[in-house]
Amino acid sequence: MHGLEFTAGGRRWRADLTAPADLAIVLEFNGAQPSFFVATPASSEPLRIGSFTGSVVNGASCNCAVHSLAPHCHGTHTECIGHVTRNPVTVASLTPVAPCVALVVSVQPEPLGAAAAGLPDVHAAADDLVIRRAALTVAASAWLAAPFTAVVIRTLPNGVDKRHRAYSGSPSPAPYFLPEVMQWLVERRIDSLVVDLPSLDRADDGGRLAAHRVYWGLPPGSDDAAQAARGEALVTELAYVPDAVADGLYLLDLQVPAFGADAAPSRPVLYPLQSIAGDAT
């Protein structure tokens, strides 16, 4: 089967399954890799049990490795509300994500400027690069009538060094989202968000994680999952959206393993999408 046809928003759509675009960053355990929050690099070594060493090169009958990583800090990962709550919510406990219509948009982070003084985050600085609601609204304007329930955000410039960039330890923090952007996504009922940044929030924000909380419908400062209005929503961070993927509508297949944790390595895959009626998307 080369095409998948389905109905969304009262219209028929066809996804081209022969042209997948993989947004996951390959995690090279013993090579260059993205990192965040000054985390020790992800690593891999052969399993050692008694006289067995899981390496064919070292004489074993098969390879069997032990991998060490922090999903939030190493490569593409999907997280749930359990990331910010005392309740043990895991990605495995949520309803499996069905393929859905996604909108890919490109936005240019802008200096925060004088707005820094008005934010509750005392760490915010005027030269911080942020994504604003207005920028996202403009970028999405051509597709606002479409029935997308997921959004993929590519930040500009889109250098390939994002695939192994160290996002901590530098004088300036990684670009981040103002909470007003998350409010726009909530209003649009977006329940799957994919970004190419290491976090929705500033890395050092005093523990507020304001953008995360707005996205999940949590009151400011709350760590109680029962208070969340959007406890099923998912966020995928540290993805990479190649330039060959144009802004527009796609079918998103978000592949997440059943980890009993608040986050897991993941593989978001996009498929070109077209209205069967022939409308350009």
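Right, Asp191: in contact with an Asp or Glu (Cβ under 9 Å, 6 or more places away or on another chain), at pLDDT 95 or above and under 24 Å from Ala115 (Cβ atoms) or not? When the stated conditions are applied, Asp191 does not pass them.
Selection of strands (runs of 3 or more DSSP E) fully inside the stretch 1-94 by the criterion of at least 1 residues being modelled with pLDDT under 95 returns 3-8, 11-16. Quick one: is Asp204 among the acidic types (Asp, Glu), more than 24 Å from Leu273 (Cα to Cα) and modelled with pLDDT of 95 or more? So Asp204 does not fit the description; no.
Among the residues of the stretch 42-62, those that are under 30 Å from Thr76 (Cα atoms), out of contact with any strand residue (DSSP E or B) (no Cβ under 8 Å at 6 or more places or on another chain) and among the hydrophobic types (A, V, I, L, M, F, W, C) comprise Val56, Val57, Cys62.
Got a sec? Which of Ala134, Ala203, Ala139, Ala124 is of a type outside the set (Asp, Glu), surrounded by 15 or more Cβ atoms within 10 Å (Cβ to Cβ), out of contact with any Gly (no Cβ under 7 Å at 6 or more places or on another chain) and not in a loop (DSSP other than H, G, I, E, B)?
Step by step, each of Ala134, Ala203, Ala139, Ala124 is checked, and only Ala139 is of a type outside the set (Asp, Glu), surrounded by 15 or more Cβ atoms within 10 Å (Cβ to Cβ), out of contact with any Gly (no Cβ under 7 Å at 6 or more places or on another chain) and not in a loop (DSSP other than H, G, I, E, B).
The residues on offer are Val186, Val181, Val241, Val235, and the sole one that is out of contact with any Lys or Arg (no Cβ under 8 Å at 6 or more places or on another chain) and either without any contact (Cβ under 8 Å) to a residue 40 or more places away in the chain or under 23 Å from Pro109 (Cα atoms) (or both) is Val235. Return the residue satisfying two criteria in turn: it lies in the stretch 155-199 and is in a helix (DSSP H, G or I), in contact with a helix residue (DSSP H, G or I) (Cβ under 6 Å, 6 or more places away or on another chain) and not charged (D, E, K, R), and of such residues it is surrounded by the fewest Cβ atoms within 10 Å (Cβ to Cβ). The selected residue is Gln183.
The values are calculated or read from the model by the stated rules, or taken from the named source; none is laboratory data. All of these numbers come straight from a predicted model, not from anything done at the bench. Reconstructed Cβ throughout: ideal geometry from the backbone, glycine too, with neighbour counts over all protein chains shown.
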